[in-house]
Amino acid sequence: MVSAVQSKPTAGPASSGLQRSMGQLIRRPEAGSFIGMIAVFVFFVVFGGETFVSAAGFASWLNVAAEIGIVALPIGLLMIAGELDLSVGAVIPASSLTVAVISGHYGAPELVGILAALGMGLFVGFMNGFIVLRTRVPSLIVTIGVMFAVMGLTLGLSVLLTGSTSTAIVPSATSKALLGQFVGGMFEVTIFWWLGIVVVLAYLLHISRFGNWIYALGGDRISARNAGIPTERLTISLFMISSFCAAFVGVSQAMVYQSAQVAGGQSFIFNSIMCVVIGGVLLTGGFGSIIGIVFGTITFSMVNQGIYFTGFDPNFGSVIIGALLLIAVLMNDTFRHMALSYSTKKKN
């Protein structure tokens, strides 16, 4: 006797495997930032026309993305670890002036000026981490204080040593080629440095054991320390990486623009944080990825520059960036809850 009730056809192994793979992919930290990046790109392709997708159009936002990206990547590592660094806004002009004063004003070898600028960045990063650990004051407050201290010293020393708040420097052919060259007359060589740093920090966070330490530090510092993770050394190292990268951007700016000024770099503070948040990193720490920060940086840079390729009022660029930041925070929270619920279901 044939049963009147027929069983529903079930999906095959290939179909269920594809669904699981798609489910895992959509729950990754960078999923939301990738979707946002594609949406922004399509928006400006439609309203910006052929100019936006031309070589000059790509160069306009890639050059911005490279400089902000070099600063945003280590900021992202710090935020994943539960810390924050606002002093980068002062380190960038300080390093520019350091190399310009030493090598431009006093005529010392450029290598000496560059090493002094990068060393200054490492020292500021060390002080940030040291003060945070010894005082237990939140890194937000500590780095704001350090930022103003560095800004004051930069201004005072610049006027004292050169009598001006700006200093010119004429880079050598080697320095220009490595740090200030425009490839094809449009693309800054900094783009290649940015990609190299992406590879290095991606290995550090996602492949090496230090990555697990960073996530653990952002999840629960006390538990991480009890598990044998060198939390103090790791914290200072992350701050030093952040300041070093900011100093590197300052040096490259001095080589590109062949001058350095005291008033510069402040925009990097909030722009880098926006790139990191848009990229899926939680402000509370313990969640995020390098590729997500890259997506967030590209998204921010396209909005920042793409508005000039459309017929819209450029003043609306800030409105779009602000709205994008709020949407990113909401999307990141949604994807995080999806990831956590997915992990719970897998365990059950």
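The values are calculated or read from the model by the stated rules, or taken from the named source; none is laboratory data. Keep in mind that what you see is a predicted model, and the values were worked out from it rather than measured. Methodologically, a virtual Cβ is constructed for each residue, glycine included, from the backbone with ideal geometry; neighbour enumeration extends over all protein chains shown. For accessibility, only protein heavy atoms count, side chains too; no ligands or nucleic acids. Shrake-Rupley method; radii C 1.70, N 1.55, O 1.52, S 1.80 Å.
Being touching a residue at least 12 places away in the same chain (Cβ under 8 Å), small (Gly, Ala, Ser) and outside any helix (DSSP H, G or I) is true for just one of Gly82, Gly107. Which residue is that? Please lay out each step first, then the result.
Numbers: Gly107 fails: touching a residue at least 12 places away in the same chain (Cβ under 8 Å).
Exactly one residue qualifies, and that residue is Gly82.
Quick test for you: out of Leu118, Leu140, Leu179, Leu97, pick the one residue that is over 22 Å from the mean Cα position of the chain (by Cα) and either part of a helix (DSSP H, G or I) or among the aliphatic types (A, V, I, L, M) (or both).
Values: Leu118 fails: over 22 Å from the mean Cα position of the chain (by Cα); Leu140 fails: over 22 Å from the mean Cα position of the chain (by Cα); Leu179 fails: over 22 Å from the mean Cα position of the chain (by Cα).
Every option except Leu97 fails the conditions.
Can you tell which of Phe192, Phe268 is out of contact with any Cys (no Cβ under 7 Å at 6 or more places or on another chain), within 23 Å of Leu86 (Cα to Cα) and not polar (S, T, N, Q)?
On the way: Phe192 fails: within 23 Å of Leu86 (Cα to Cα).
Answer to the check: Phe268.
Say we look at segment 143-170 and pick out the residues that are in a loop (DSSP other than H, G, I, E, B) and within 25 Å of Gly125 (Cβ to Cβ); which of these is modelled with the highest pLDDT? If you could, list the steps in order and put the result at the bottom.
Filtering segment 143-170 for residues in a loop (DSSP other than H, G, I, E, B) gives 163-165, 169-170.
Pick out the ones that are also within 25 Å of Gly125 (Cβ to Cβ) and you get 165, 169.
Values: Thr165: 87, Ile169: 91.
Checking each candidate, the answer is Ile169.
Tally time: how many residues in segment 42-67 are within 14 Å of the chain's Cα centre (by Cα) and open to solvent by less than 10 Å² (accessible area, probe 1.4 Å)?
2
Which of the residues belonging to segment 192-203 are farther than 18 Å from Gly121 by Cβ and free of Cβ contacts under 8 Å to residues at least 40 places away in the same chain? Give the steps one after another, and end with the answer.
Within segment 192-203, the first condition is being farther than 18 Å from Gly121 by Cβ, and the residues that meet it are 192, 195, 198-199, 202-203.
Correct list: Phe192, Leu195, Val199, Tyr203.
How about segment 269-282: which of its residues are closer than 17 Å to Val71 by Cβ and assigned to a loop (DSSP other than H, G, I, E, B)? Talk me through it step by step, then tell me what you get.
Taking segment 269-282 first, the residues closer than 17 Å to Val71 by Cβ are 269-279, 281.
Result: Gly279, Val281.
If we scan segment 212-231, do we find a residue that is surrounded by fewer than 16 Cβ atoms within 10 Å (Cβ to Cβ), in contact (Cβ under 8 Å) with a residue 12 or more places away in the chain and in a helix (DSSP H, G or I)?
no
Among the residues of segment 150-162, which ones are open to solvent by less than 60 Å² (accessible area, probe 1.4 Å) and free of Cβ contacts under 8 Å to residues at least 40 places away in the same chain?
Hits for segment 150-162 are Gly152, Gly156.
Could you list, in sequence order, the residues of segment 159-210 that are charged (D, E, K, R) and either in contact with a strand residue (DSSP E or B) (Cβ under 9 Å, 6 or more places away or on another chain) or over 15 Å from Val256 (Cα atoms) (or both)?
From segment 159-210, those charged (D, E, K, R) are 176, 188, 209; that's our starting set.
Of everything in segment 159-210, those that are charged (D, E, K, R) and either in contact with a strand residue (DSSP E or B) (Cβ under 9 Å, 6 or more places away or on another chain) or over 15 Å from Val256 (Cα atoms) (or both) turn out to be Glu188, Arg209.
Given the conditions (1) open to solvent by less than 60 Å² (accessible area, probe 1.4 Å); (2) at pLDDT 75 or above, and given that Ile291 satisfies all but one, which numbered condition is not satisfied?
Just one mismatch for Ile291, condition (1).
Take the conditions over 14 Å from Ser289 (Cα atoms) and in contact with a helix residue (DSSP H, G or I) (Cβ under 9 Å, 6 or more places away or on another chain) and apply them to Val198. Does it pass?
Values: over 14 Å from Ser289 (Cα atoms): no; in contact with a helix residue (DSSP H, G or I) (Cβ under 9 Å, 6 or more places away or on another chain): yes.
No; evaluated as a whole, the condition is false for this residue.
When you check Gln266 against the structure, is it of a type outside the set (D, E, K, R), closer than 22 Å to Glu188 by Cα and more than 17 Å from the chain's Cα centre (by Cα), yes or no? Explain how you work it out, then say what you get.
Numbers: of a type outside the set (D, E, K, R): yes; closer than 22 Å to Glu188 by Cα: yes; more than 17 Å from the chain's Cα centre (by Cα): no.
No: the conditions fail for Gln266.
Inside segment 240-263, can you point out the residues that are in a helix (DSSP H, G or I), surrounded by fewer than 24 Cβ atoms within 10 Å (Cβ to Cβ) and more than 14 Å from the chain's Cα centre (by Cα)?
Within segment 240-263, Met240, Val256, Tyr257 qualify.
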